[in-house]
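To start, the structure under review is shown below, and the notes come after it.
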Amino acid sequence: MPDSLAIDASDVRSAADLIQGIAVRTPLLEYQPLNEAAGGRVLVKFEGAQHTGSFKFRGAYNRLARIPKEARAFGVVAWSSGNHAQGVAAAAKLLGIPATIVMPADAPSIKLENTRALGAEVVQYNRLTESREKIARQLANTRGATLVPSFDDPFIIAGQGTIGLEIIDQARQAQAKVTQVLVCCSGGGLIAGIATAIKAAEPDIKLYAVEPDGFDDTARSLITGKRETVAPQATSICDALLTPSPGELTFPINQRLLAGGLVVIDDQVRAAMRFAFSKMKLVIEPGGAVALAALLAGIAPTADEDCATVVVISGSNVDPVLYAEIIAGR
């Protein structure tokens with residue numbers, strides 16, 4: 001493990017200053033039916049209320065706003081299954097920067113449509129036979145554009161970490177003693193940023209990465225101490241969480257700061273989405289529901305009495321047809 005990590009708490013505070021008044025300060029919500037189902041107090045950080053319907057706008061804006069003005073005309077290139085795509089497209093539009101996004105051909109149609117509607121050029125690829133990173137790097141090199149990774153970038157990680165600052169502040173306002181935070185995990189940028197912010201303010205709070213079964217590379221990596229990879233044939237409905245391996249920058253942070261990794265199956269994710277719809281009146285995409293799924297399925301540790309668990313719901317960009325099927329129980 002390296003002595004110095006990619007970011008520290010001062011980087012998150014800098015990101016918070018930069019995005020203040022531009023990004024949404026999303027709510028920390030409490031629902032009695034959820035408290036009853038979980039057997040304790042639960043606070044939900046709802047990033048579906050963020051611009052473009054997911055947390056990704058935070059990191060994207062923090063990254064793009066730091067591109068030198070003379071380099072902005074050459075544009076930015078990113079790769080994403082949809083949420084980072086929309087976050088980059090929205091940030092680029094606000095900053096007047098041309099954006100090109102490499103997206104899988106099987107990405108949810110709503111994510112493809114919304115990315116294009118924000119003015120970005122979409123380049124599609126086959127996720128089974130082509131490398132999105134290779135395509136994006138070739139485009140960036142050809143155009144002289146700035147590459148904007150979806151998680152393995154210090155400014156991206158710090159931007160996502162602003163959620164952690166908000167959680168600490170909002171939990172104090174709610175007079176809640178938080179002992180653990182559950183966060184969905186793909187490449188690890190979201191939880192790395194949140195953990196950096198939270199552990200600096202409240203070192204005793206435990207943070208757990210939650211992943212879909214088959215894509216539990218972070219959970220396995222935390223056990224083995226090295227970056228594990230996902231089996232090529234793995235599948236999940238959690239399209240936002242299908243990264244094959246933890247990031248080079250994110251994993252050392254998570255290795256140092258996280259209490260562990262939790263794994264949920266797709267049926268538990270579906271059940272959490274139905275619970276959120278019926279009991280909380282929230283629309284959640286599969287990848288955004290994994291932390292809630294871990295809590296409802298009893299996979300997450302039980303919080304101490306009179307203490308609270310925070311669940312981060314990372315996004316709401318679910319394909320309408322898939323969502324209808326899940327809510328109907330099909």
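Distance distribution P(r), the stretch 12-70, all Cα-Cα pairs, bin width 5 angstrom from 0: 4, 17, 20, 18, 14, 10, 9, 5, 2, 1, 1 percent. Extents of the stretch 157-219, largest first, come to 38, 21, 17 Å (Cα atoms, principal axes, whole angstrom). Solvent-free Debye calculation, one equal scatterer per alpha-carbon of the stretch 1-137: log10 I(q)/I(0) at 0.21, 0.22 Å⁻¹ equals -1.19, -1.24. Suppose R0 equals 56 Å. What FRET efficiency, 1/(1 + (r/R0)^6) with r the Cβ-Cβ distance, do residue 327 and residue 3 give to the nearest 0.05? The formula returns an efficiency of 0.70 here. With the simple model of a label 7 Å out from the Cα in the direction of the Cβ, residue 130 to residue 226 spans 3.2 nm.
Taken over the stretch 121-186, the percentage of Cα pairs per 10 Å bin, counting from 0 up to the bin with the maximum distance, is 15, 32, 25, 16, 12, 0.
The angle between the Cα long axis of helix 83-95 and the main principal axis of the chain comes to about 60°, on a 0 to 90 degree scale.
Placing one identical point scatterer on every Cα of the stretch 79-178 and ignoring solvent, what is log10 I(q)/I(0) from the Debye formula at q = 0.11, 0.17, 0.20 Å⁻¹? Each listed q corresponds, in turn, to -0.41, -0.79, -0.99. Quick check: the angle from helix 132-143's long axis to the longest principal axis of the chain, C-alpha only, nearest 10 degrees? Its long axis makes an angle of about 40 degrees.
At the listed q of 0.09 Å⁻¹, the Debye profile of the chain, built from one uniform point per Cα, gives log10 I(q)/I(0) equal to -0.41.
Within the shell of other residues whose beta carbon sits under 11 angstrom from the beta carbon of residue 319, the net charge comes to -4, with Lys and Arg scored +1 and Asp and Glu -1. Only helices enter the 222 nm calculation for the chain: every DSSP H run of n ≥ 4 contributes -39,500 (n - 2.57), and dividing by all residues gives -12500 deg cm²/dmol, rounded to 500.
Relative contact order for the stretch 162-213: what percent, with Cα pairs under 8 Å and sequence separation of 6 or more? Can you show the working numbers first?
Working: 53 pairs, mean separation 23.8, N = 52.
About 46 percent, as a whole number.
With distances taken between every two different alpha-carbon atoms, the stretch 151-270 has a Kirkwood hydrodynamic radius of 14.4 Å.
Taking the Cα centre of the stretch 172-310 as reference, the dipole from Cβ charges on Lys and Arg (+1) and Asp and Glu (-1) amounts to some 260 debye.
Pairs spanning more than 28 Å between alpha-carbon atoms, out of 45/111; 93/134; 111/281; 93/279; 93/199: 93/279; 93/199.
Dipole size of the chain about its Cα centre, with +1 on Lys/Arg Cβ and -1 on Asp/Glu Cβ: approximately 740 debye, rounded to the nearest 20.
Expressed in units of 2.2 N^0.38 Å, where N is the residue count, the Cα radius of gyration of the stretch 246-330 is 1.22.
Express in % the proportion of alpha carbon pairs of the stretch 39-108 at distances exceeding 14 Å.
Roughly 60 percent, rounded to a whole number.
Projecting the alpha carbon convex hull of the stretch 90-148 along each direction and taking the average yields 4.0 nm².
For the peptides 76-85, 277-286, the ranking by mean Cβ contacts within 10 Å, running from highest to lowest, is 76-85, 277-286.
Show me 167-176, 287-296, 251-260, 183-192 ranked by packing, highest mean number of other Cβ atoms within 10 Å first. The partial results should precede the final answer.
Values: 167-176: 16.2, 287-296: 30.1, 251-260: 20.1, 183-192: 31.9.
Listed from highest to lowest mean packing, they are 183-192, 287-296, 251-260, 167-176.
Projecting the Cα atoms of 277, 115, 208 onto the charge dipole of the chain, computed from C-beta unit charges around the Cα centre, puts 115 farthest toward the positive end.
None of the figures in this text is laboratory data; all of them are computed from the coordinates on show. From a predicted model like this one, the values you see are computed outputs, not experimental measurements. Positions of Cβ are generated from backbone atoms using ideal geometry, with glycine treated the same way; all protein chains shown enter the neighbour counts.
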